[in-house]
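What follows is a single structure, written as structure tokens, with notes after it.
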Amino acid sequence: MAQRILVADDDPDILQFIRVNLELEGFQVSEARDGREAIESVMKEPPDLVLLDVMMPKLDGFDVLRRLRTHPSAANTSVILLTARTMPEDRVRGLDLGADDYINKPFDVEELVARVKAVMRRSQTMRDVSPLTGLPGNFRISEEMERRVAERGPIAIVHADLDNFKSFNDHYGFMRGDQVIKYTAHALLEAAAENEDPRVFVGHIGGDDFVALIHPDSVEAFCKATIRIFDEGILDFYDTADALRGYVEVSDRRGEQHAYPIISISLGVATNRHRAITSQWEASAVAVEMKEFAKATSGSAYEIDRRTS
């Protein structure tokens, strides 16, 4: 789907010039001719980016930007300011209000397009990073998997999640649970670093679910290293008494106590070593299937798909 850009400028010639050139680059462009119209358009259907002229009637670009940044539904919309002003204090003011970039008029169309694309890339990257772990999220994971499957080179897809994590959260609360999620990301990244595969990719699907992409020759060592690092540190997140006895007690809805073992990690692996992988969806389905086999083993474990058909 084409990315949407709102161009707000009171000069019809500039509006037309920007629209034509951005549409040639595949963007979907809408227009606003003053500040109030710009705000109404953003609130009605938030675009991916706003090109906002500073000097406009009714509300100038600074006022529009200030209002966008204080409105929950528009606060994260990317904004590039357009201005004929050249004073440094104007640039500083715009950036302080939250502009993502600044372009002086008259501008070169190639520079305009390049800056728009750069801001779009940064925005997409920032939106698709887990705020908890700092790892790439679902969009980047899907994009990377699709690209690597299409390359038809050697690939292993690892799906990982935690066993007994819900009971841990119920017992200790989500704040300590978040620390375990961050530690899981650490274990995966440390295992990747040990492996020295320059193309290893680790992403965070959400919750306690993670994905790694790695060369098939390295995947078994990666899984073993992840388990070793994870198991070495997981007891640090438990109270001493619970760590010593090896479980936590959690009450169910009827008030009955149940014992849940220490958190472990399960990893499932799909590779194209023995059979072709035709899509990221197929790869994920096989990796998740293997992860379920790993969960049948007590404690941390991994399972690799070795089927030939």
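Looking only at residues of the stretch 221-237 that are buried (at least 18 other Cβ atoms within 10 Å of the Cβ) and free of Cβ contacts under 8 Å to residues at least 60 places away in the same chain, we find that the one that is nearest to E151 (Cα to Cα) is A225. When V79 is tested against (1) farther than 20 Å from M126 by Cα; (2) outside any helix (DSSP H, G or I); (3) not acidic (D, E), only condition (1) is not met.
Within the set R115, R91, R122, the sole residue that is surrounded by fewer than 14 Cβ atoms within 10 Å (Cβ to Cβ), in the same structural domain as R33 (by TED's automatic domain parsing) and in a helix (DSSP H, G or I) turns out to be R122. Screening the stretch 182-197 for residues that are touching a strand residue (DSSP E or B) at 6+ places or on another chain (Cβ under 8 Å) and part of a helix (DSSP H, G or I) and picking the one that is farthest from D163 (Cα to Cα) gives N195.
The number of residues in the stretch 198-220 being without any contact (Cβ under 8 Å) to a residue 24 or more places away in the chain and either in a helix (DSSP H, G or I) or touching a helix residue (DSSP H, G or I) at 6+ places or on another chain (Cβ under 7 Å) (or both) comes to 1. Out of all the residues in the stretch 200-217, is one or more touching a strand residue (DSSP E or B) at 6+ places or on another chain (Cβ under 9 Å), under 21 Å from T297 (Cα atoms) and charged (D, E, K, R)? Yes, the stretch 200-217 contains a residue that is touching a strand residue (DSSP E or B) at 6+ places or on another chain (Cβ under 9 Å), under 21 Å from T297 (Cα atoms) and charged (D, E, K, R).
Contact map, the stretch 240-254: residues that are over 12 Å from N164 (Cβ atoms) paired with residues that are assigned to a loop (DSSP other than H, G, I, E, B), Cβ distance under 8 Å, separation 6+ or inter-chain. Pairs shown: A243/I262. For the stretch 18-57, the set of residues classified as free of Cβ contacts under 8 Å to residues at least 12 places away in the same chain, closer than 16 Å to R115 by Cα and not charged (D, E, K, R) consists of L24 only.
T133 falls short on exactly one of the conditions (1) in a helix (DSSP H, G or I); (2) surrounded by 15 or more Cβ atoms within 10 Å (Cβ to Cβ); (3) of a type in the set (S, T, Y), and that condition is (1). Of the residues making up the stretch 243-285, those that are in a strand (DSSP E or B) and of a type in the set (A, V, I, L, M, F, W, C) number 7.
The values are calculated or read from the model by the stated rules, or taken from the named source; none is laboratory data. Keep in mind the model is a prediction, meaning the values are calculated, not measured. When we count neighbours, we look across all protein chains shown, and the Cβ atoms used for this are built from the backbone with ideal geometry, even at glycine.
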